[in-house]
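Student: Below is a structure I'd like to ask you about.
The values are calculated or read from the model by the stated rules, or taken from the named source; none is laboratory data. Keep in mind it's a predicted model, so treat the numbers as computed, not measured. Note that we place each Cβ from the backbone using ideal geometry, even for glycine, and neighbour counts take in every protein chain shown. Ligands, DNA and RNA are excluded from the accessible area calculation, which covers all protein heavy atoms including side chains. Shrake-Rupley method; radii C 1.70, N 1.55, O 1.52, S 1.80 Å.
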Amino acid sequence: MKHLQNLVEEEEATIDMTPMLDVVFIMLIFFIVTASFVKESGIDVNRPDAATAVKKDRANILIGISDKNEIWINKRRIDVRAVQANVERLHAENPQGSVVIQADRKSTTEYLIKVMDASRAAGVSDVSIAAQE
């Protein structure tokens, strides 16, 4: 009789997976919320060469300047007067990120300086220029 009672108790023992699934989903939500997403410029540029070029980590806002002085942010062409507003919006999404300007080697310095000034006016102090090693 005791043997039958132990057999019944063993059949009733089950593993409840619900708490483990809850923890997995909470971790997934946490990582999605804390992830930093890179905002691509949207164009390919021929970057100038630099002997002292270093890899930049945590560059979240990429601004592209084409050879025809067209400014691209987040795969959209924008006017030079709208750079500050766009950088402010993207910087608000990720305050610890930085701006990297990908200027084509045939673009003019005037547009590079305007984009740098607009980025700094938007509150981003870490502004870099992309180059090839």
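Student: Restricting to the range 93-107, give me the number of residues that are open to solvent by 60 Å² or more (accessible area, probe 1.4 Å) and either touching a helix residue (DSSP H, G or I) at 6+ places or on another chain (Cβ under 8 Å) or under 17 Å from Glu70 (Cβ atoms) (or both).
Tutor: 2
Student: Are there any pairs with C-beta distances below 8 angstrom linking a residue in the range 115-133 that is over 14 Å from Leu62 (Cβ atoms) and open to solvent by 10 Å² or more (accessible area, probe 1.4 Å) to a residue that is modelled with pLDDT of 85 or more and not β-branched (Val, Ile, Thr), with the two at least 6 apart or on different chains, and if so which?
Tutor: What qualifies is Ala118/Gln84; Ala121/Gln84; Ala122/Gln84; Ala122/Ala85; Ala122/Glu88; Ala122/His91; Gly123/Glu88; Gly123/His91.
Student: Can you tell me which residue among Asp117, Asp104 is touching an Asp or Glu at 6+ places or on another chain (Cβ under 6 Å) and not small (Gly, Ala, Ser)? Before you say what the answer is, go through the steps one by one.
Tutor: Values: Asp117 fails: touching an Asp or Glu at 6+ places or on another chain (Cβ under 6 Å).
Going through Asp117, Asp104 in turn, just one is touching an Asp or Glu at 6+ places or on another chain (Cβ under 6 Å) and not small (Gly, Ala, Ser): Asp104.
Student: Restrict the check to the range 75-84 and report whether at least one residue is at pLDDT 90 or above, among the polar types (S, T, N, Q) and surrounded by 10 or more Cβ atoms within 10 Å (Cβ to Cβ).
Tutor: yes
Student: Hey, another quick one. Can you tell me which residue among Leu28, Leu90, Leu112, Leu21 is open to solvent by less than 100 Å² (accessible area, probe 1.4 Å), under 20 Å from Ala131 (Cα atoms), at pLDDT 65 or above and not small (Gly, Ala, Ser)?
Tutor: Step by step, each of Leu28, Leu90, Leu112, Leu21 is checked, and only Leu112 is open to solvent by less than 100 Å² (accessible area, probe 1.4 Å), under 20 Å from Ala131 (Cα atoms), at pLDDT 65 or above and not small (Gly, Ala, Ser).
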